[in-house]
1. Need one value: the accessible area of B:MET263 in square angstrom, 1.4 angstrom probe, rounded to the nearest 10.
2. Might you tell me the accessible area per residue for region A:176-416, computed with a 1.4 Å probe and given in Å²?
3. Work out how much length B:SER57 to B:HIS220 would gain on full extension: take 0.36 nm times their residue separation and subtract the Cα-Cα distance, in nm to one decimal.
4. Using the alpha-carbon centroid of each, what span in Å lies between region A:70-97 and region B:174-194?
5. Compute the distance in nm between two label points, each set 7 Å from the Cα along the Cα-to-Cβ direction, one at A:LEU38 and one at A:ASP60.
6. Ignoring any ligand, DNA or RNA, what whole percent of the accessible area of chain B comes from carbon and sulfur when the probe is 1.4 angstrom?
7. What is the Cα centroid distance between region A:202-271 and region B:37-63, reported in whole angstrom?
8. Please determine, in degrees from 0 to 90 and to the nearest 10, the orientation of helix A:383-415 with respect to the longest principal axis defined by the Cα atoms of chain A, where the helix direction is its Cα long axis.
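The values are calculated or read from the model by the stated rules, or taken from the named source; none is laboratory data. Keep in mind the model is a prediction, meaning the values are calculated, not measured. Cβ: placed from backbone, ideal geometry, glycine included. Neighbour counts: every protein chain shown. Areas reflect the complete protein model, heavy atoms only, side chains present, ligands, DNA and RNA absent. Shrake-Rupley method; radii C 1.70, N 1.55, O 1.52, S 1.80 Å.
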Amino acid sequence: MSGDRGPMAGTRLTRRYKVAALWRNVFRASTVVGIIVLGLLLINIANSAFGYVAVTNRVDPGDLVAEDRALEDLDHAELVAILEVNISKGLFRKLANEKPFAERERAEVLGLIYENVVKPEVAKQWTLLESITKRSEIVAEATTAYPSATLRFESWLDVAFITSPQSSDAVKAGIRTALLGSLWTIAIAIVFAFPIGVGAAIYLEEYADHARPAARAINQVIQTNISNLAGVPSIIYGILGLAVFVRVLEPLTSGAIFGLTDSTTANGRTIISAGLTLGLLILPLIIINSQEAIRAVPNSLREAAFGLGATRWQTVWSHVLPNAMPGILTGTILSVSRAMGETAPLVVVGASTYITADPSEPFSKFTTLPIQIYQWTTRPQDVFRNIAAAAIIALLMLLLSMNGVAIVLRNRFSKRT
Amino acid sequence: MDNGRIHTTKLDSWQDTNVTYAIEAQGLNVYYDNFRALKNVDLKIERHKVTAIIGPSGCGKSTVLRAFNRMNELFRSARTEGRVLFNGLDIYHDQIDPVEVRRHIGMVFQKPNPFPKSIYENVAWGARIHGYRGNMDDLVYQALTQAALWDEVKDKLGQSGLSLSGGQQQRLCIARTIATQPEIILMDEPASALDPIATLRIEELMRELTNNYTIIVVTHNMQQAGRVSDNTAFFSLDETDRAGVLIEYGPTLRIFSNPASKMTEDYITGRFG
Ligand SMILES: Nc1ncnc2c1ncn2[C@@H]1O[C@H](COP(=O)(O)OP(=O)(O)O)[C@@H](O)[C@H]1O
Ligand SMILES: [Mg+2]
């Protein structure tokens, strides 16, 4: 084999290997850069979401009870008594008026004592990296600078954080309101955009007339516009949503048409307006992704069906759609992930800055996770940075689980073939 | 030639008519945009026979086959002129539904293309969309038996049609067509993607199917045309405008032993093509 071509093949081969190695390293380097950036991002978030905190109490819980007992061990009546002597008469009466103490759970009374008497406050918090690397310094600093404080390791992201409503107190604040708002708006966006998007894609790919030049030109214009719409900045959709859903369609989006004239609802600035705005935003993406998925279905399948005397619709329904569905679903979930992270259009549409009530219907006021995160990061107190980081982790987990759902759905559909 | 039955849009079964030929092209021209792929073709196909269409590649064999069940319309650029009479009706008449045409004239393609569904579903689907009311299990059994596939698949009807070998897939496609009970089955080089043994099985099958169906088969394989067909149509390219034209048509034995045209003789003996 290596006969007289040997030397020449040898040099050419080494050169080719060198070039191949060069390219391999270039591509590997870009992958490594990507992974480093991602890693930095995650570290940065985790850095704020976990770490030591020094908590000072206005009143030490130990001072409220006798030497040998702890606040947590007391029974209902004792707790009420402590509350009564430690807060003003007016406040006590007000609380009793809201709900008689006899009806309140023991844990609830304990919570009231913490909220109104003990009043724990985060005096200082340390990042995760500091907490890991400089533990002894932190302990030293805490004992000298905050002698009355207790030092503990805090995970800002915990079950209570996810299940608590919004609050002006960072320690108590949670993301439940925002999380429900996100789920509601996304659900409405999907219900609105998915059928329309897939329908439009089916029309453009399977039905649109390409024979007559005029029709072909019109379809070309439509196609170009859809592609352009996919690239329009999201805030433009916010302005559109404000004009159309919040203003023009106010009777509909405020629920007035359905007899819902609840004074707490915010005119047209409701979940349904937000959901429809996000629906508009993802519509072109769903159309384009679905078109691609439909185009990827081999033509031989369509020919087979037509050859059996199937109509266009029978062919699309039985063969094109089932085979395109994995691609359509993947594209949809990716678009939905994008909508999930959108902030600007919803601010324009009128997300509430501060609501504590769960959204209960499409005509409720709303806030969403990204908006909540954004608002927390604009607060001056450092503690809000920590809960913003925790909320970001929650948002990321939500997106990851949605992508997981996409993978499961895709596998389910592919297996049927 | 002109018949007075154009007022009806129903494609009747041939027993109701006194038409001799299964299908007949008259002055057929097919264009792709401005390119004429088929020029003035007149062709009468005999009932319950195998008719082979042969000729060099690009001479319009597939085009003429697809013209017989209006499959060319699926290509956006295609345009057809002339008439194709099926049971005395012009299938290109305004009032005729192409879907209806394809129910009566089925098609098997060059590359086996079973649906990515179960074997059973592959056969049953066509009949179901046509509103078949009888016993579906029986129909599937009959179609697979006629396609000489039943014994090989009877234990795995639930498996994907794609799990079969190429030859089995092609017979599944034939079974699928049979299940819709067409009168004519068009086959476009049905064995060209298969090995010699699978090819022989398909050829045997074509002979058997003539008991119930009229078969038109495109093939580039001379031996195959000689083995399976009763009649042969030889197409070639017009020297001047590269359009496909019918050069010679007649009983296969005569065409192969005593061709009238020099072009046919050259092609059959392998001197060009
Ligand atoms: N869908 C199409 N669009 C445009 N031209 C086509 C199309 N199908 C076939 N043709 C052209 O028509 C001619 C005949 O094609 P075809 O019928 O496929 O030939 P054959 O089957 O004999 O090889 C060829 O020149 C081919 O390029
Ligand atoms: Mg061909």
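1. About 60 Å², rounded to the nearest 10.
2. Values: 10600 Å² over 241 residues.
Here the residues of region A:176-416 average 44 Å² of exposed surface.
3. On the way: separation 163, 0.36 × 163 = 58.68 nm, distance 0.79 nm.
Full extension from B:SER57 to B:HIS220 adds 57.9 nm.
4. Region A:70-97 and region B:174-194 have Cα centres separated by 88 Å.
5. 5.0 nm
6. On the way: 5560 of 11740 Å².
Roughly 47 percent, rounded to a whole number.
7. Computed from Cα coordinates, the inter-centre distance equals 52 Å.
8. 40 degrees
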